[in-house]
Amino acid sequence: MAHRVHEEPHMHRLDKEDVPSVRRGPKSGTHVAITIDRTTDHNLWADLTMDVVNGGGVFVATYHAIHLGTEVELIVTLEGEEKPFAARGVVRWTRPHRDGSDGPAGVGIRLIGVGDDTAEMLTRFATTREPIMFDLEEAPMRARSQPKLKVAG
């Protein structure tokens, strides 16, 4: 059963074709199906290397709470490709809704074990639409070290 997207009147609204299909099952995990084209809020993302395969993944625009570290099964249709691809990934960063933000709420999913054909599709698509830039060094999954206090002796 698909979950409905919760929207508030003041939130950035996803067009009907942009709304991801997000399903969760106790045994089957989290499954997401999206279409990415030049106009959707869904997109590819890359770190500063601009490598969407090894240094990035897929951004899913959603109000669904998909927590950091969640493993996700994806079905992604890219504009210009004949068939969708299936991939596994893990949520590496989240973008909550914020009033006044110029970007939609969603999650950045790092792809795991992408095959050569899928890597070529992703790289080809990234030449038609610039990926979202996100530096994982600033990602919330990174443990933040506390400053060391000097002890007067």
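The values are calculated or read from the model by the stated rules, or taken from the named source; none is laboratory data. Keep in mind that this is a model prediction, so the values were computed, not measured. Note: ideal-geometry Cβ built from the backbone for every residue, glycine included; neighbour counts use all protein chains shown. Each accessible area value is taken on the protein alone, full model and side chains, heavy atoms only, with ligands, DNA and RNA left out. Shrake-Rupley method; radii C 1.70, N 1.55, O 1.52, S 1.80 Å.
Within a Cβ distance under 14 Å of F85, other residues only, what is the Lys/Arg minus Asp/Glu net charge?
Values: positive: K83, R88, R124; negative: E73, E79, E81, E82, D116, D117, E120.
Within the 14 Å Cβ shell, the charges total -4.
Please work out how much accessible surface H97 shows to a 1.4 Å probe, ignoring ligands, DNA and RNA, in Å² rounded to 10. Approximately 60 Å² for this residue. Computed extension gain for H31 through I112, at 0.36 nm per residue and net of the alpha carbon distance, reaches 27.7 nm.
The residues neighbouring L44, those whose beta-carbon lies less than 12 Å from its own, together hold a net charge of -1 under the Lys/Arg +1, Asp/Glu -1 convention.
According to the calculation over all Cα-Cα pairs in region 40-120, the P(r) per 5 Å bin from zero is 3, 15, 25, 27, 18, 9, 3, 1 %.
Would you work out what percent of the accessible area of region 49-139, with all protein chains in place, is carbon or sulfur (probe 1.4 Å)? The computed percentage sits at 46.
Provide the packing ranking of 126-133, 70-77, i.e. peptides ordered by the mean count of other C-beta atoms within 10 Å per residue, highest first.
Values: 126-133: 14.4, 70-77: 17.9.
Packing order, densest peptide first, comes out as 70-77, 126-133.
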